[in-house]
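Computed from the coordinates by the stated procedures, all read-outs in this text should not be read as laboratory data. Since the model is a prediction, treat every value here as computed from it, not as a measurement. When we count neighbours, we look across all protein chains shown, and the Cβ atoms used for this are built from the backbone with ideal geometry, even at glycine.
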Amino acid sequence: MKKRLVTVSALGALLALAAVGCSADDSAKLDGWAKNVCDSARDPIAQSRAALADTGNVKEGESPVDLQKRLSTDLATLAATNQQLADAVQKAGAPKVDDGAKVQQDAVNELKQVAQGYLDAQKKLEGLASNDQAKFADGLRSVGDQVQRLSGVSTSALAGLQSGDLGDAIKKQPGCKAGSADPGVPATDPSGSASASPGDGAAPSGSPAATGSAAPSGSPSPAKS
């Protein structure tokens, strides 16, 4: 009986050691996955945040035509960076977590949808008649609302990458720490409210505006530190 107890105890110890080994192996795989994503995401995250910040700038003396061109460039950048984030997640493969393939593909699909949404917003912006101040301001408000919705979708797209063990792995990566409380996601919170009017030579009321927030990103964002 004593011999049997010793055998059972030894078996339990071996199983415990095996579990620790598997856990360490899984953790290393997640760290590798997170590094692949975050190394590729570093530049798109920074560029996305810069573009979002620029959409909120009110530049004294800027004509409606120049404002339109500047915002169009910002939206093109946001489209490109969201596509690049989608590509980074796609290229990394499925993370070694429960439903990893679904988590990955959901994020990729939504980021691609956001990228297309920004292209649509850019097209709408470029179609605005800047010589009609009232219509131009209304059009900018509509574009601002669209950017705000896209920001929310982008944040949601990356939420699944920011939880549990996967989120812990992402937090460790310098590439996903771009100087905000929400390191892995382009910080997005477009508000759509610049106060000056086109007649003042500045951004019309309702123009797309963005401020860095802990959100993601819209930008695509991956985890809170």
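Check Lys59: other-chain or 5+ apart residues with amide H under 5 Å from its amide H, H built from backbone geometry?
Counting only residues 5 or more places away or on other chains, the set is Ala203.
Can you tell me which aspartates and glutamates have their Cα less than 15 Å from the Cα of Lys123? Leave out same-chain residues fewer than eight positions away.
Asp74, Asp145
Could you sort 72-78, 168-174, 156-162, 90-96 so that the peptide with the highest average Cβ count within 10 Å comes first and the rest follow in order? Intermediate values should be presented prior to the final figure.
Details: 72-78: 21.9, 168-174: 20.0, 156-162: 24.0, 90-96: 16.7.
In decreasing order of mean packing, 72-78, 168-174, 156-162, 90-96 become 156-162, 72-78, 168-174, 90-96.
Can you tell me, using C-alpha contacts under 8 Å and at least 6 residues apart, the relative contact order of the range 41-200 as a whole percent?
Working: 187 pairs, mean separation 49.0, N = 160.
Taking the mean separation of contacting Cα pairs over the length of the range 41-200, I get 31 percent.
Go through Leu161, Gln122, Gly144 and say which Cα lies farthest out towards the positive end of the charge dipole of the range 41-200; charges sit on Cβ, +1 for Lys and Arg, -1 for Asp and Glu.
Leu161
Testing the spin-label approximation: label points 7 Å from Cα along Cα→Cβ at Gln116 and Lys91. State their distance in nm.
Once both label points are built, they end up 2.2 nm from each other.
What FRET efficiency do you get for Arg149 and Asp98 if R0 is 30 Å and r is their Cβ-Cβ distance, rounded to the nearest 0.05?
Details: r = 30 Å, r/R0 = 0.99.
So the FRET efficiency works out to roughly 0.50.
How large is the charge dipole for the range 41-200, taken about the Cα centre, if only the Cβ atoms of Lys, Arg (+1) and Asp, Glu (-1) carry charge, to the nearest 20 debye? Could the numbers behind the result be given before it?
Numbers: 17 positive and 21 negative charges, 71 e Å.
I would put it at about 340 debye.
Hey, what's the Cα Rg ratio for the range 41-200 versus the globular rule of thumb, 2.2 N^0.38 Å?
Working: Rg = 17.1 Å, N = 160, 2.2 N^0.38 = 15.1 Å.
The value comes to 1.13.
Taking all pairs of distinct Cα atoms, average 1/r, flip it, and tell me the Kirkwood hydrodynamic radius of the range 115-176 in Å to one decimal place. Could you put the intermediate results ahead of the total?
Numbers: mean 1/r = 0.0717 Å⁻¹.
One decimal place: 13.9 Å for the Kirkwood radius.
Ranking request for peptides 123-132, 98-107, 139-148: highest mean number of other beta-carbon atoms within 10 Å first, then the rest in descending order. Intermediate results must be reported in sequence, preceding the final value.
On the way: 123-132: 14.2, 98-107: 15.9, 139-148: 21.6.
So the peptides 123-132, 98-107, 139-148, ranked by packing, come out 139-148, 98-107, 123-132.
Let's test the formula: R0 of 41 Å, r as the Cβ-Cβ distance of Asp43 and Ala129. What FRET efficiency results, to the nearest 0.05?
Working: r = 35 Å, r/R0 = 0.86.
The pair Asp43/Ala129 has a calculated efficiency of 0.70.
Say a paramagnetic label sat at a point 7 Å from the Cα of Val65, along Cα to Cβ; which residues of the range 131-167 have their backbone N under 14 Å from it?
131-132
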